[in-house]
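The values are calculated or read from the model by the stated rules, or taken from the named source; none is laboratory data. Keep in mind it's a predicted model, so treat the numbers as computed, not measured. Every residue, glycine as well, gets a Cβ built from its backbone with ideal geometry; the counts of neighbours run over all protein chains shown.
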Amino acid sequence: MVKIEPIDLRNFDNNEHFQFMSGFDTLVSTHKDAVMGNEVLYGIFKNTLMAEDLAFRIEQGSSVTQTLDRLDRKRDKTWYAINIRVKATLQSPFEEEVQSAQIIQQILNLYGDVCSLTSNEQSAAIANVTDDLLLPVIAVHVNKMGLSEWVIELKSQNEKFTTLYNDWNSEFAGRESNDVKAARTLLDPVYLKMVERINATLILEFAGDEVIAFAYKLNDKIKYYKTPLVYRNSRSKVDIKVDIKEEV
């Protein structure tokens, strides 16, 4: 039984994200049975994808945006690393480390998955959580886990992003609503809901041949995007060389 495979959309940079969602939209346009009964949801997807397209085009016009995207991904990576380290330490054989990890975990849980927030919300959340973790009474536990430098680095990354982001907003005054991350935050849940409903028809064996074909093609696309970018680029170069040889 085929079903659409999961993919972590948060790992995409803005360009990859838009390409993937556009490719999904193209597949739907040629396999309309895949969204039968979900036309309203697909309409929401189309409108939100258009909003992301507009935001992406605006951001491409700014020389600052590539640096912003890099800084955003960097602070996301550090945030996840801290969370993984805390969860791992909860399994420590040393009780003192476990107690410290539990205290830090409670603080992190208050803020949830900050990387799923819009840029401004994420900046505020990271500023608050790093301030909390650096309070003397909490910093003792952070230090026991060897996380002090990680937290300080996250705070620094967030401050760099915030400063640059504020400069960018000044350059593009009145266009904050077109922020790509905000559009992605709205688009991802719609994509996931569509996949969930399509998978339900596949699992219950209600899906027709066209939907099954759609799932196979989408899985091929997902497999491609799960491949590290460096290997994708190498593969593209190989394909180009092959094409040239065939033409000759």
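Here Ala101, Ala127 are screened, and the one residue that is hydrophobic (A, V, I, L, M, F, W, C) and either in a loop (DSSP other than H, G, I, E, B) or buried (at least 16 other Cβ atoms within 10 Å of the Cβ) (or both) is Ala101. Starting from region 200-226, keep only residues that are without any contact (Cβ under 8 Å) to a residue 24 or more places away in the chain and in the same structural domain as Thr26 (by TED's automatic domain parsing), then list their pairs with residues that are in a helix (DSSP H, G or I) and among the hydrophobic types (A, V, I, L, M, F, W, C) whose Cβ atoms are within a distance under 7 Å, requiring at least 6 positions of separation or different chains. The qualifying pairs are Thr201/Val211. The set of residues from region 198-216 being surrounded by 15 or more Cβ atoms within 10 Å (Cβ to Cβ) and under 24 Å from Glu16 (Cα atoms) comprises Ile198, Asn199, Ala213, Phe214, Ala215. When you check Ile4 against the structure, is it β-branched (Val, Ile, Thr) and in the same structural domain as Lys160 (by TED's automatic domain parsing), yes or no? The answer is no for Ile4. Considered as a group, the residues in region 89-146 that are within 27 Å of the chain's Cα centre (by Cα) and of a type in the set (D, E, K, R) include one that is farthest from Leu71 (Cα to Cα), and that residue is Asp132.
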